[in-house]
Every structure is written in structure tokens, then in C-alpha cells.
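> Pasting a structure below so you can have a look.
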Amino acid sequence: MIKQLIISAPSSNAGKTTLTLGLLRLLKRKTKAVQPFKVGPDYIDPKFHQLACGQTGVNLDLFMMSQEDINNNLNFYGKDSQVNCIEGVMGLFDGAQKDKGSTAEMAKKLETPVLLVIDAKAVAYSVAPLIQGFVNFDAEVKVMGVVFNRVGSERHYTMLQEACEDIGVQCFGYLSNLKNIEIPSRHLGLNIQEIEKFDILIDEIADALETTMDWKAILEASKDVVCIPISSEEKNLTEKIKFAVAKDEAFNFIYPQNITAMEQLGTVQFFSPIHDAEIPDCDFIYFPGGYPEVYLKELSANKIMRHSIHKFAKNGGQIYAECGGMMYLGKSIISEDNESFEMVNFFDFESTIADKKLHLGYRTSTINDSIFKGHEFHYSSLINNNETTIDATITNARAGNTTTKIYKKQNVMASYVHHYLGTSEKLTQLINEINNSL
């Protein structure tokens, strides 16, 4: 039997990531096998999950994934766990449209109770109506109880406990108002080495929670779930595809499910555009997004690698690139300081982060009869763009038009959208579209 819970909060920046990481580290110390998950398309929090407990957080997203796919992900990635710990996104009821796609909707779909993290820094008994509102707003959302964050003293906590008692809500403890333990929830440019610096802070959080939070009671109040084994066996294919995936400091925004889908269709080999001499022997290259703007000198200096990618593309090799991966395949990337760095020079455009502008939101891409769901999040823009686009319709979460494009040259397709390709069927659809002529 597996314990399953969702950690959420009334709003962003209330401390749900901090509490999640502390609980993950604490459960690891108690030798509990825990599998973290993250509601929404976020790539950063799953990296912190990995740091906290040794298991990468797996995204669960109601916009990009079907209910069946979400259930399959829970069963597949949670098959060896004792605890499925699901970190929510934004505030509990915040969705792309009202509460659609929110943590609350996920809680209802999974019939999983919510542990509510309340920021108590500047409040005492007034938390009572706040908590009561969240508990009663939607009867289908089951709130198991609360944990308070940024509590100033034991006296302060006693006042918060009294508020919980008066409204009949269970209180599992608190985290003191510790200094310098802010965890960046979403920060483009945060590299893997910088994330590792937070390891000691996660230890501090776990130390504090062990003395002021009843983690055993939280597990008791969590849902008991049974893991239904999901096979990830390779398809019985006449010809297996050899996938090569760019993965290093510059490229690491990857949904684990995308890699699992590749493994079902063939073999996967990772390579580094920064450190390796050239691409491995392969049929298909996947360039995910990441932080190419942080490693412009290193990427540009590796000329042999850039030339090997260019040659592969020119000779009809299949490539799919998204966001930072797409930028890398262009002529150059212009830094914040307006310095230009040569890149692969396959696509006829440049990208720049000198004039930052945030592009953010869910995307639905319709290409011929294929529909792909994904998310766009970047500050860069394309300039001097003379590249060919395909006839695709790309809409936002409210079905409104966007300016986002999908580029195609020979067997190379690229876009700013991070598409979810977490099933072999969806990945096969993409490969077929890449092979289609314009």
C-alpha cells in the first residue's frame, strides 16, 4: 500500500516548495521510499525534488495529459515507492481558467487529500476564516489539515493551533521563520550547480520539521493507494529507433515521460553539446530546452559538435528541438550584453535575450490531424527570421490565437513550445509529422 498526498497553499510563495523539500528529505532520512510529483509544467521544482530525496519529480498536468496518462504516470513512477508526494502549483484553486487545471482539480481527479501550507508570518487567529474558506469552498476537495510556515515563536504557534481547534481542522505542526532558506520556485538561468548549493538548506528545513511537525500523522491522514503495474516494455518493432538526447548544463528541461516513450520505441543515448566532440550514432536527435544563454561561450567554442549537428541535419537526419534547443540550431544567440555567439547555423534566424520579454502559457499545437499539448516559457526572441514555418494552429489555454510558430526545414522541426510527448503513440505522431514534407 502506498501513501499519497498533495501539498498546496492558498497562494504562491506561501512555502509549499520549502515544506515539500523538507518533508522529502525527512522521509528519506526515515528510510521511506518516496516518489515526488509536481502539478503543472514546471521544470525547476522537480530538480529540487531530486536533490531532496534522490528521485526526480515527475510532472502531472491536466492540460497536457489525459486522466489515463496521469494515472499511468502515478502507477509507473510510483511503483517502488511507499509515499507519493505531489507538490501543487500556485494557489490551490488557481488554474488556467478559473480552477481548470489547478491543484484542486487534480486533488478531485485523484481523490487525494491536500495538506495546506499556510504562511503565518503576519497573522494569528485570522487564519481561522482563511483556512475555513479553503476547506469549505469545494466539498470535493478534501483538506486533511494544515502546516504553518514562518512561525515566529511557540506562543505564536499556540495561537494558530487555537484557530484550527475552533474550526475543527487538524494542525500537523509548523516550520519556524528560519532565515535565508528561500527556495527559488521558478528562475530561468538557475543551473544545476547552483541548485546543489541548496542541499544544506534542505537539511536545515528537515531538521526543523523533525522537531515541530508530526510527519507520521501526515502519512496516516494521506490516502492509501494500490499501485497497478504499468509496463514500459519496448514495442515489438521491426526497426528500433536510435534516439540521441542532448543533456548537460545547457539543455536539461526534459519531461521524464518523453524519455520513457523513446525507450519504448528504441534506444536512448544522452550526449553533451558542451563537452562531447560530436553527436553519437543515431537516427533521431532531441534538443530540449534549458539554459543555452548561460553557456554561450562553451556552446559556440565546440565547433566540431556544431558542425556534426549541421551535417546530420543537412543529410536528412531527424531532429526535434524546443525552446533553448531551437535557439541552438539557429545562426547565433545574442547575449544580454549584445554579444553574438555562433551556433549550429541550420535555421535561418538568430535569437536574442538582450531585450527580455516574457512569453508564457499553455499551448495546443495542431499540425495536420495531430494535436500536441505543451507549455511556453521564455524571455528570448527570434530576430532576422527568414525561416520556413509549417501550417500549424497554436492556441493558448483559452483557445485564443498566439504568435508562436513551428519551424520546419528538411527533417528538422523546432518551436518555442515544450511539448509533452509522454506516450509512444504521441511520440510516433511527432516523428510522422517530422517526416512529412511541407
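The values are calculated or read from the model by the stated rules, or taken from the named source; none is laboratory data. Because the structure is predicted, anything quoted here is derived from the model rather than measured. When we count neighbours, we look across all protein chains shown, and the Cβ atoms used for this are built from the backbone with ideal geometry, even at glycine. Quick note on the areas: whole protein, heavy atoms, side chains included, nothing else; ligands and nucleic acids left out. Shrake-Rupley method; radii C 1.70, N 1.55, O 1.52, S 1.80 Å.
> Kindly list, by first and then second residue, each pair from a residue in the stretch 109-128 that is under 14 Å from PHE172 (Cβ atoms) to a residue that is open to solvent by 40 Å² or more (accessible area, probe 1.4 Å), limited to pairs with Cβ atoms under 7 Å and residues at least 6 apart or on different chains.
The qualifying pairs are PRO113/LYS142; PRO113/LYS223; VAL114/LYS142; ALA120/ARG150.
> Could you list, in sequence order, the residues of the stretch 340-360 that are at pLDDT 95 or above, part of a strand (DSSP E or B) and within 16 Å of TYR416 (Cα to Cα)?
Passing the criteria: GLU350, SER351, THR352.
> Checking TYR43 against (1) open to solvent by 10 Å² or more (accessible area, probe 1.4 Å); (2) aromatic (Phe, Trp, Tyr); (3) modelled with pLDDT of 95 or more: exactly one of these is not met. Which one?
Result: TYR43 fails condition (3) only.
> Another question, then. Quick check on the stretch 110-120. Is at least one of its residues in contact with a strand residue (DSSP E or B) (Cβ under 9 Å, 6 or more places away or on another chain) and at pLDDT below 95?
No - not one qualifying residue is present in the stretch 110-120.
> From the list GLY374, GLY325, GLY316, which residue is under 25 Å from ASN411 (Cα atoms), part of a loop (DSSP other than H, G, I, E, B), at pLDDT 95 or above and not hydrophobic (A, V, I, L, M, F, W, C)?
Working: GLY374 fails: part of a loop (DSSP other than H, G, I, E, B); GLY325 fails: part of a loop (DSSP other than H, G, I, E, B).
None of the others qualify; the one that does is GLY316.
> Consider the stretch 291-330. How many of its residues are open to solvent by 40 Å² or more (accessible area, probe 1.4 Å), without any contact (Cβ under 8 Å) to a residue 60 or more places away in the chain and not basic (Lys, Arg)?
6
> Being within 29 Å of ILE86 (Cβ to Cβ), among the aliphatic types (A, V, I, L, M) and open to solvent by 80 Å² or more (accessible area, probe 1.4 Å): is that true of VAL226 here? Break it down into steps so the answer makes sense when it comes.
On the way: within 29 Å of ILE86 (Cβ to Cβ): yes; among the aliphatic types (A, V, I, L, M): yes; open to solvent by 80 Å² or more (accessible area, probe 1.4 Å): yes.
So VAL226 passes the test.
> Let me confirm something: among GLU140, GLU154, GLU165, which residue is modelled with pLDDT of 95 or more, within 29 Å of the chain's Cα centre (by Cα) and over 18 Å from VAL89 (Cα atoms)?
GLU140
> Please enumerate the residues belonging to the stretch 268-290 that are surrounded by fewer than 19 Cβ atoms within 10 Å (Cβ to Cβ), over 20 Å from GLY316 (Cα atoms) and either at pLDDT below 95 or not acidic (Asp, Glu) (or both).
PHE270, SER272, ILE274, HIS275, ALA277
> Quick test for you: out of LYS426, LYS405, pick the one residue that is farther than 25 Å from ILE70 by Cβ and basic (Lys, Arg).
Values: LYS426 fails: farther than 25 Å from ILE70 by Cβ.
Just a single option satisfies the conditions, and that option is LYS405.
> I've got another one for you. Can you pull out every residue in the stretch 374-389 that is touching a Lys or Arg at 6+ places or on another chain (Cβ under 7 Å), touching a residue at least 40 places away in the same chain (Cβ under 8 Å) and open to solvent by 30 Å² or more (accessible area, probe 1.4 Å)?
Matches in the stretch 374-389: TYR379, THR388.
> Please enumerate the residues belonging to the stretch 393-434 that are part of a strand (DSSP E or B), of a type outside the set (Val, Ile, Thr) and crowded, with 20+ Cβ neighbours inside 10 Å.
TYR407, LYS408, MET413, ALA414, SER415, HIS418, HIS419
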